[in-house]
Structure formats: C-alpha cells, structure tokens
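What follows is a short report on a single structure.
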Amino acid sequence: MRTTSRFTAAAATLAVLLSPLTACASTEDAAPQHDTSAAARPEDNATTLGHRFVPDPTLVNPHPLPFTSWTRLGEDTIAVNFQTGNPACFAVDAAVTETAETITIALRSGTRADAVGKMCTMDAVLGTMDITLRSPLGSRAVLDAE
C-alpha cells in the first residue's frame, strides 16, 4: 500500500511540474517563425537581435562598430546585428557602399547628441539596424567595413 501511495504522489507531482511546460507549448501564443522552406544561405535565417536602432547621423565622438551578423528582411532590405551601449545614451549610424558584387557596411557608434554631459550606465546592449539597399541584395556578399 505504501509503494502505491508513493507512486501516486510522485505521478501527481510530476503532472503538476509538467503542466506549465505544456501550457507554454500552445500554438496560439507562439512567436512567428522564420520561413526556412526556401533554399537560403545561413545568414538569411539568422534572427535579428535586441533593441532596434534607427540611423542617427548626429552622434557625437563616433567610432567604428563591427556587426556580428546580418539578416535578409526583403529583396532590398537587410538588418545588421551588433553590440553597443545603452540606447538612452548611445546612437548608431551606417554608411553603405554597394557594388555589383558586394555590400560593405560601416557602422559607427557614439554618444547621442541629447545625451552629451549626462550620466549613462555601462550596459552592453544587443542591437539591430535595418538597412535599405539601393538595389536588390541578390547574391551579393555583405561585408563589414571593419
């Protein structure tokens, strides 16, 4: 009798512990997934990361900022992913050079013009910036100017 009681208690405990996991598996609240059905290069299926930055050419004390990955968003739009400082204090801008074979992106990071002289936290933030190309991406290579 004792063994049956212990087994029943263990099964009930396991059911209680697993119930939140099955609730999380609901497809109603699932985040949209990337379409991987078409043949794509690895960078096409990368996810965009972190805070969305909008290009800000007014940044102060700019310095080069490498990007870590990129994602195809559309025929003539890509997103570059990078690490920078707190978006309340730091801004990012991009210069894009396109040729028939390559797209070279030079990211710059610096202090936001409205944050000069303000106290800022030293947070590392993953960021993403959308870049619209002059011509469709096609099979061109995307390069970091770094």
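The values are calculated or read from the model by the stated rules, or taken from the named source; none is laboratory data. These numbers were taken from a predicted model, which means no experiment stands behind them. Glycine gets a Cβ as well: all are built from the backbone with ideal geometry, and neighbour counts include every protein chain shown.
Output the number of residues of the stretch 87-97 satisfying the condition of being in contact with a strand residue (DSSP E or B) (Cβ under 9 Å, 6 or more places away or on another chain) and either assigned to a loop (DSSP other than H, G, I, E, B) or of a type in the set (A, V, I, L, M) (or both). Give the derivation first.
Step one: filter the stretch 87-97 for residues in contact with a strand residue (DSSP E or B) (Cβ under 9 Å, 6 or more places away or on another chain), giving 87, 89-97.
Still in the running and either assigned to a loop (DSSP other than H, G, I, E, B) or of a type in the set (A, V, I, L, M) (or both): 87, 89, 91-92, 94-96.
Residues in the stretch 87-97 being in contact with a strand residue (DSSP E or B) (Cβ under 9 Å, 6 or more places away or on another chain) and either assigned to a loop (DSSP other than H, G, I, E, B) or of a type in the set (A, V, I, L, M) (or both): 7 in total.
Given (1) surrounded by 11 or more Cβ atoms within 10 Å (Cβ to Cβ); (2) farther than 14 Å from THR68 by Cβ; (3) at pLDDT 95 or above, where does CYS120 come up short, assuming only one miss?
Result: CYS120 passes all but (3).
For the stretch 107-132, how many residues meet the condition of being under 19 Å from the mean Cα position of the chain (by Cα) and either farther than 14 Å from ASN81 by Cα or not basic (Lys, Arg) (or both)?
12
Which residues, taken from the stretch 103-146, are outside any strand (DSSP E or B) and either closer than 24 Å to GLY74 by Cα or among the basic types (Lys, Arg) (or both)?
ARG112, LYS118, LEU133, ARG134, SER135, PRO136, LEU137, GLY138, SER139, ARG140, ALA145
Yes/no matrix, rows are residues, columns are (1) of a type in the set (A, V, I, L, M, F, W, C); (2) surrounded by 14 or more Cβ atoms within 10 Å (Cβ to Cβ):
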| site | (1), (2) |
| --- | --- |
| LEU49 | yes, yes |
| PHE53 | yes, yes |
| THR68 | no, no |
| ALA79 | yes, yes |
| ASN86 | no, yes |
| VAL92 | yes, yes |
| GLU101 | no, no |
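Of everything in the stretch 74-97, what is of a type outside the set (Val, Ile, Thr), within 15 Å of the chain's Cα centre (by Cα) and closer than 14 Å to SER139 by Cα? Give them in sequence order.
Answer for the stretch 74-97, where residues must be of a type outside the set (Val, Ile, Thr), within 15 Å of the chain's Cα centre (by Cα) and closer than 14 Å to SER139 by Cα: there is none.
Does ALA100 satisfy the condition of being under 21 Å from GLY138 (Cβ atoms), assigned to a loop (DSSP other than H, G, I, E, B) and out of contact with any strand residue (DSSP E or B) (no Cβ under 8 Å at 6 or more places or on another chain)?
Answer is yes for this residue.
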